[in-house]
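The values are calculated or read from the model by the stated rules, or taken from the named source; none is laboratory data. Here the structure is a predicted model, which is why all the values come from computation and not from measurement. Neighbour counts are summed over all protein chains in view; Cβ atoms, including those assigned to glycine, are modelled from backbone coordinates with ideal geometry. Accessible surface areas use protein heavy atoms only, side chains included; no ligands, DNA or RNA. Shrake-Rupley method; radii C 1.70, N 1.55, O 1.52, S 1.80 Å.
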Amino acid sequence: KLTQGARENTALAAEKTQLVENLAARTDELAGLGDVLRQTSERLNLTQEDRDKLRQQLADKLAQIAQLNSKLDLLLKQQGQLKSQSQSLAAANADLEAKRLQVEGQRAAAAAQRDSLAETNQTLGERLEALSAQLEEKLAALDSLTRDREQLQKQSRELDALVAALRAKLQEAGIQLAAADQASAAKLAESKRTSDELQSRLAASAQQAADYLAQLKRAEELAAGLQQQNQRLQQAMTAADQQHQRQLLEEGRNNRELVGLRGPLKRVALVIDASGSMRQSGAAGAADRWADAQAIAAKWLRHLNVEECVLIVFSSSVRTFPADGALVDLRGESGRDRREALLKQLQLVAPGGSTNTLDALRKAYAYDVDTILLFSDGAPSRADTGVFDPAMAREIYQLCRQHQNVPVNTVGLGNYFDAALATFLQTVAEITGGTFRGQ
């Protein structure tokens with residue numbers, strides 16, 4: 001038993017030793033696992049912070065997306081409103097075009113009727129002249145008959161005197177007067193027949209003259225009626241022209257509101273920069289800034305209800321069209337040709353030189369204008385260096401303050417977001433109560 005107990009103790013000691021080794025190994029392993037666990041815990045803690053940051057960033061992004069969605073909804077709403085406005089404007093333009101075509105048709109019909117009345121009036125005039133000529137001929141014949149009757153009456157009186165003389169002689173001579181009386185009676189009867197025939201011819205001529213006078217009177221009444229009808233047609237055409245003019249004025253006001261211009265726009269000075277920088281590239285589809293300026297000027301001149309205008313082109317110097325110091329009258333049917341003539345003058349200008357805006361505005365204010373449209377791609381510059389001149393800009397501001405009742409609508413061409421140019425054009429517009437827009 002002791003030996004067996006010793007062997008069991010030895011086995012237990014060996015097992016204990018093995019267990020101690022295993023325990024030490026497990027302890028080392030647990031220590032390693034503890035390090036790994038600590039590292040993992042640290043990594044997990046770091047990952048949680050990153051997750052918190054990511055969650056915060058995600059929340060911020062979601063808030064930004066919500067803001068963008070609200071802005072997008074607002075933009076979509078505005079787009080719908082703009083679309084409806086565009087449709088309304090298109091419908092209004094279509095209505096105006098239909099009315100314009102109707103007015104043109106009425107005008108063409110009135111013109112045709114007027115031409116027909118003019119031809120009828122000319123025909124009646126010719127007939128009236130022919131009747132007048134015939135009447136003159138008849139009156140001449142009547143005068144001839146009157147002279148013949150007077151001649152016959154004179155001859156009758158002479159015969160009466162002769163008969164009386166013969167009777168006296170016969171009575172003195174005691175001659176039988178029967179034959180002489182018969183002869184005298186025959187002559188008197190013949191003279192009477194001749195006189196009656198002349199009276200009948202005279203009455204017939206008088207009746208024919210009365211008929212011609214009645215025809216002439218009817219022709220005059222017909223001409224007066226045609227003249228009254230022509231006046232009524234003229235009045236109708238005048239009313240149609242007035243209606244068309246009112247439609248054009250309304251269209252011009254709508255166009256002015258659409259482009260955002262301010263001022264009466266009745267007597268306008270169109271001031272356009274023709275300096276060398278206008279040869280630089282323009283907006284999409286345009287050859288250069290000069291082409292942009294010409295296109296906008298042409299569009300506004302053709303569609304705005306401007307009554308009188310002067311074209312002022314400036315670079316280092318200033319030129320005016322027309323050059324006589326007067327405003328061009330753009331009203332009426334001939335106004336369209338005058339607008340096109342101004343635009344042709346503008347097409348003949350070749351840009352070059354500096355930007356002398358001060359003299360250009362002085363020239364514009366010298367005219368009796370109520371609105372100024374200023375096109376430029378640069379702020380005022382010195383003639384010798386071509387660099388922005390603040391002193392000249394201050395002089396322009398002072399000049400604008402002296403004429404605040406004349407709005408200056410400014411249009412920036414090309415690099416209009418340049419600080420000097422944008423500030424200058426916006427300041428000029430603000431001082432005078434005009435508007436600024438970029439092209």
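Is there a residue being among the hydroxyl-bearing types (Ser, Thr, Tyr), in a helix (DSSP H, G or I), farther than 20 Å from residue 275 by Cα and under 27 Å from the mean Cα position of the chain (by Cα) anywhere in segment 406-428? Among the residues of segment 406-428, not one is among the hydroxyl-bearing types (Ser, Thr, Tyr), in a helix (DSSP H, G or I), farther than 20 Å from residue 275 by Cα and under 27 Å from the mean Cα position of the chain (by Cα), which makes the answer no.
Let's see how each residue does on (1) within 60 Å of the chain's Cα centre (by Cα); (2) of a type outside the set (Lys, Arg); (3) open to solvent by less than 90 Å² (accessible area, probe 1.4 Å):
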{"residue": "7", "(1), (2), (3)": "no, no, no"}
{"residue": "28", "(1), (2), (3)": "no, yes, no"}
{"residue": "40", "(1), (2), (3)": "no, yes, yes"}
{"residue": "66", "(1), (2), (3)": "yes, yes, yes"}
{"residue": "75", "(1), (2), (3)": "yes, yes, no"}
{"residue": "78", "(1), (2), (3)": "yes, yes, yes"}
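Filtering 368, 337, 384 for residues that are part of a loop (DSSP other than H, G, I, E, B), charged (D, E, K, R) and under 29 Å from the mean Cα position of the chain (by Cα) leaves a single hit, 368. Residues in segment 372-395 that are more than 25 Å from residue 297 (Cβ to Cβ) and crowded, with 18+ Cβ neighbours inside 10 Å: 389 only. Do the conditions hold for residue 350, that is, is it in a loop (DSSP other than H, G, I, E, B), open to solvent by less than 80 Å² (accessible area, probe 1.4 Å) and under 18 Å from residue 315 (Cα atoms)? Judged against the criteria, residue 350 is a match. Could you tell me whether segment 306-318 includes any residue that is open to solvent by 30 Å² or more (accessible area, probe 1.4 Å) and more than 23 Å from residue 396 (Cβ to Cβ)? Taking every residue of segment 306-318 in turn, at least one turns out to be open to solvent by 30 Å² or more (accessible area, probe 1.4 Å) and more than 23 Å from residue 396 (Cβ to Cβ). Just so you know, in segment 396-405 the residues that are over 30 Å from the mean Cα position of the chain (by Cα) and within 26 Å of residue 289 (Cα to Cα) include one that is most open to solvent (accessible area, probe 1.4 Å), and it is 397. Residues in segment 424-439 that are open to solvent by 10 Å² or more (accessible area, probe 1.4 Å) and either at pLDDT 95 or above or more than 14 Å from residue 261 (Cβ to Cβ) (or both): 426, 427, 430, 431, 438.
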